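These notes are about the structure you will find just below.
Just so you know, all these numbers are worked out from the coordinates, no wet-lab data involved. Values in this document were obtained by computation on a predicted structure and should not be read as measured data. All Cβ positions, glycine included, derive from the backbone under ideal geometry; neighbour counts span all protein chains shown.
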Amino acid sequence: MPIERLVFQGLRNLQALDVSPGPRINLISGANGSGKTSLLEGIHILGMGRSFRARRLPQVITHDADAVTLHGRLSTDPPTTIGIRRQRDHSDLLMKVSGEKVERIADLVETLPMQLINPDAFRLLEGPPAGRREFLDWGVFHVKHDFIGAWQRFRRALKHRNALLRHGRMDDASLNVWEHELAQWGNRLDELRAEWVEAFLPVFEETLEGLISMPGLRLRYSRGWDRQRELADVLHQARDTDRQMGFTQQGPQRADLGIRLNKRPAVEVLSRGQQKLVVSALKLAQGRLLERTTGRTCLYLIDDLPAELDRTHRAVFCQWLERMQCQAFITSVDHEVLANLWQDTTPVAMFHVKHDAEGAGQLQAIDRQTS
Ligand SMILES: Nc1ncnc2c1ncn2[C@@H]1O[C@H](COP(=O)(O)OP(=O)(O)OP(=O)(O)O)[C@@H](O)[C@H]1O
C-alpha cells in the first residue's frame, strides 16, 4: 500500500519535512549534496529499520540534533502508521506500527515491502552470497507465511550448534539435540525457498526479456549442501571438521542464487550495463511476484536512475514500473530527464530538494499531474 504522508525530523541535512507523496511515481530532483538520497534513506529506515549506507543509525541523525524521528502513513483502510525514533545517546530503536510498539524488524518489513535500486544494489551479482540470500529470503518471507517461524528456529539451532562446536567439548548428546532441530527446520527453509524460486523463475525470465534479450542466462538455486544427501547425515558426518573450523560449514545458511550465462558466472561475461539490467529485472520481478501472489504492491526506492541506465533501457524500466501499479521514489539531479518518460494516465508527483548556503535541504512539491 502506498505511503500517503511522510513526516521526518532530524534526518541528515534535511529540514523537518511533512509531505504527501503521490500514490505512484514520485520524482525527486536536486543538486548534488542537496539531500535526495537522505530522503530515500529515511523511507528505507521506516521499512527496514536500518539505513542502506550507514552502518550505525546515529550517523543519520542531523549533526546538531539529539534524535531522528521518522513517521509514515500508509493508505490502508484504516490507515497504517509506522514510527521510528533513534536518540543519539540511547542504543534502543523505538519502532511503532499503528501506535503499538514492536520489537522485531520483521514487523516493519511485513508492513512496508520495499526494494532498493541504487549503485550498491548492482553489486548483487558480484558480491558475496549473503546479499543474494537476503534477496531470496525477502521474497520467501513475503509470500510464505511460515518462513519467519522456520527461519527463527533454524537460526536458534545453528547458534547453539556453533556454540557447542566452538567450546570444543565432545558433548554429543547436546549436539544430537541441536542437529535434529537444525535438520528439521533447515529442510523446511529449503522447501520454502525452492518453492519460491520455482514461482519466481518464470516471472524473472519474462521481466528480463522485457528489458534485454539474454537467452543463455540461467538462475539456479543451490541449497547449501549436497543435493544427493540428507542434511541430518551431512551435519553428523561433518562434526569433526566443523569442530576444527568452529562453525557449521554446510546447510541453508550457505544457500545461494547462482546467475550464469551460457554456463559461466554472469559477472565474468556481462558488461556493467548488462549486469545492471539483470539486477533491475531481479528487483522488478520480486515486486511482480509479490503482487501476483499476495495482491500487495512493493515500494521501489531508486537512487539516481539516469546515471544507472541508458535512455532506452531507462524508458523500458519505467514502463515496467507503470504496469506494476507500485509506488516509486526516484531521484535524479535533473528532473527533466525523468519527467517525460510516463504515460498521461500515470500519476506523477514531482519534488525538488533545495539546499541553502549552510547545506540544509528543504523538500518542496513542484508539480503534480494526476489522471
Ligand atoms: N548527519 C548529518 N547531518 C547533517 N548533514 C549531513 C549528515 N550526514 C550527511 N550530511 C550531508 O547531507 C547532504 C545530503 O547528502 P545526500 O547524499 O542525501 O545528497 P544527494 O542529494 O543524494 O547528493 P548526490 O546527488 O551527490 O548523490 C550532504 O551534503 C552531506 O554532507
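Which whole number in µm²/s is D for the chain by Stokes-Einstein, with the Kirkwood Rh taken over Cα pairs at 37 °C and 0.692 mPa s?
Translational D for this selection: 148 µm²/s.
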* Structure fact -> For residue 36, counting only aspartates and glutamates whose alpha-carbon sits under 13 Å away and dropping same-chain residues fewer than eight positions off, the answer is 303, 304, 334
* Asked: Mind checking the angle between helix 147-167 and the chain's longest principal axis? C-alpha axes, 0 to 90 degrees, to the nearest 10.
  -> 50
* Can you give the convex hull volume of the alpha carbon atoms of the range 101-148 per residue, in Å³? -> 98
* Computed FRET value (nearest 0.05) for residue 53 with residue 296, which takes r as the C-beta separation and R₀ as 45 Å -> 0.95
* Local net charge near residue 95, Cβ-Cβ under 9 Å (Lys/Arg +1, Asp/Glu -1) -> +2
* Structure fact -> Other residues with Cβ under 15 Å from the Cβ of residue 58 give, with Lys and Arg +1 and Asp and Glu -1, a net charge of +3
* To do: Give the peptides 144-157, 54-67 in descending order of average Cβ contacts within 10 Å, highest first.
  => 144-157, 54-67
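What are the GluC sites (Glu not before Pro) within the range 30-120 that DSSP puts in a loop, where the Cβ has at most 10 other Cβ atoms within 10 Å?
103
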* To do: With the Cα gyration tensor of the range 115-184 in hand, convert its eigenvalues to equivalent ellipsoid semi-axes via √(5λ) and list them largest first in whole Å.
  => 32, 17, 7
* Structure fact -> A chain fully extended from residue 77 to residue 316 at 0.36 nm per residue, minus the present Cα-Cα distance, gains in nm 82.8 nm
* Can you give me the P(r) profile for the range 107-251? Cα pairs, bins 5 angstrom wide beginning at 0, each as a whole percent. => 2, 8, 15, 18, 18, 14, 11, 8, 4, 2, 1, 0
* To do: Report the percentage of all Cα-Cα pairs in the range 1-99 whose separation exceeds 21 Å, rounded to a whole percent.
  => 30
* **Label-reachable residues, the range 25-46, where backbone N falls under 15 Å from a point 7 Å from residue 339's Cα toward its Cβ** => 26-31
* **On Cα atoms only, tilt of 129-143 relative to the major axis of the chain in degrees** => 80
* Asked: Taking Rh as the Kirkwood radius computed over C-alpha pairs, what is the Stokes-Einstein D of the range 40-145 at 37 °C in a medium of viscosity 0.692 mPa s, expressed in µm² per second?
  -> 218
* Give the percent of DSSP beta bridges with both residues in the chain that are antiparallel, rounded to the nearest 5. => 70
